[in-house]
Each structure stands twice: as C-alpha cells, then as structure tokens.
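Worksheet for the structure shown next.
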Amino acid sequence: MIERGTDARWLRGFERPGLWLALWFGLFGLVATGSLVSSADLPEVSIAHFDKVQHFVGYAALSGYAVMLFARLRTQALMALAVIGFGIALEVAQATLTPDRMGDAADVVANSLGALAGLLLSATPVAHWLQRLDARLG
C-alpha cells in the first residue's frame, strides 16, 4: 500500500497516488467496455475510418496518463507496452467472445501508434500535469 504523501520509486510524487491509479484503471475499464459492448449499443458515425481515430486517441490517453503517473521513462515505456498488449488482447476478445464484433489488425496498429504517441509526452510539460492537479487539490 502506498502511504499518503509518499511516492514509490516507480510513481511520481503525489498526495493521492491511489486516486490517480484508480482513475487510470478506470480508463482501462472504459476502453474495455467500449471495445466489447454490442455494436448495436454504440452510436453510428458516418465518417470513414473514424473508429481508427477513436482507437488512436483512446490508447494515446491510456499511455499519456501513464507518463503523467509514472516517474521513470523505463516504467513509462513498459506501461506503453502493457497498453499495446491490452489492445491486442481486446482485439482477440472481440474476435472470440462477442457475437457481432470482430478483431481488426488495423485497430491494433491504431492502438499501438496511439500508445507510442502517448509515450512521447514524457519529453513535454504535459508529463507533469497530473502532479500539478494533485498539488492544487491539496
């Protein structure tokens, strides 16, 4: 358990590390839900290949959040790889567990590019936004 006001070597310094970790896991839950619900329950978008944009942005958010959450580039890169693995697992789950969804290699590419784009945020001021928010809530 991470104590309040301390940061593990792998996390950035937060007053509320549990909150920020829980929100990150919640994002995974949202992505999984959106990936596995029936396509009939999703809004129809008439823009060609818009789903690839959604995949890119969703996985960039997961990976970018990890950049804001984890202190070291190595850990951030490992989390980006975990995000990519999560995307691959969801595509397999779509193909095997859902009656009206199918796995798509192009989605895996969009997911992976998004995760890598999120990782690139580690070299920008965005990497510290979550810490700033945490400090303001204090």
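The values are calculated or read from the model by the stated rules, or taken from the named source; none is laboratory data. From a predicted model like this one, the values you see are computed outputs, not experimental measurements. Neighbour counts are summed over all protein chains in view; Cβ atoms, including those assigned to glycine, are modelled from backbone coordinates with ideal geometry.
Per-residue answers, yes or no, for (1) surrounded by fewer than 16 Cβ atoms within 10 Å (Cβ to Cβ); (2) touching a helix residue (DSSP H, G or I) at 6+ places or on another chain (Cβ under 7 Å):
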site: 64; (1), (2): no, yes
site: 73; (1), (2): yes, yes
site: 76; (1), (2): no, yes
site: 79; (1), (2): no, yes
site: 82; (1), (2): yes, no
site: 85; (1), (2): yes, no
site: 91; (1), (2): no, yes
site: 95; (1), (2): yes, no
site: 98; (1), (2): yes, yes
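Only one of (1) under 18 Å from the mean Cα position of the chain (by Cα); (2) surrounded by 11 or more Cβ atoms within 10 Å (Cβ to Cβ); (3) under 30 Å from residue 100 (Cβ atoms) fails for residue 20. Which number is that?
(3)
Hey, can you tell me all the residues within region 91-138 that are of a type in the set (Asp, Glu) and under 22 Å from residue 57 (Cα atoms)?
Listed by number, the residues that qualify are 91, 104, 107.
Within region 25-61, which residues are under 16 Å from residue 115 (Cα atoms) and modelled with pLDDT under 85?
Passing the criteria: none in range.
How do the pairs read when you match residues in region 15-44 that are under 18 Å from residue 92 (Cβ atoms) with residues anywhere that are among the aromatic types (Phe, Trp, Tyr), using Cβ under 9 Å and keeping only pairs 6 or more apart or on different chains?
Close Cβ pairs satisfying both conditions: 28/86; 31/59; 31/86; 32/86.
Is it true that some residue in region 97-115 is modelled with pLDDT under 95, assigned to a helix (DSSP H, G or I) and not charged (D, E, K, R)?
For region 97-115, residues modelled with pLDDT under 95, assigned to a helix (DSSP H, G or I) and not charged (D, E, K, R): present.
Give the residues of region 25-62 that are part of a helix (DSSP H, G or I) and of a type in the set (S, T, N, Q), sorted by residue number.
The answer is 33, 35, 39, 54.
I'd like the full set of residues that are over 10 Å from the mean Cα position of the chain (by Cα) and part of a helix (DSSP H, G or I), limited to region 68-85.
Correct list: 68, 69, 73, 74, 75, 76, 77, 78, 81, 85.
Against the conditions (1) touching a residue at least 24 places away in the same chain (Cβ under 8 Å); (2) more than 25 Å from residue 135 (Cα to Cα), where does residue 47 fall short? Just the number, please.
Tallying (1) touching a residue at least 24 places away in the same chain (Cβ under 8 Å); (2) more than 25 Å from residue 135 (Cα to Cα), residue 47 fails exactly one: (1).
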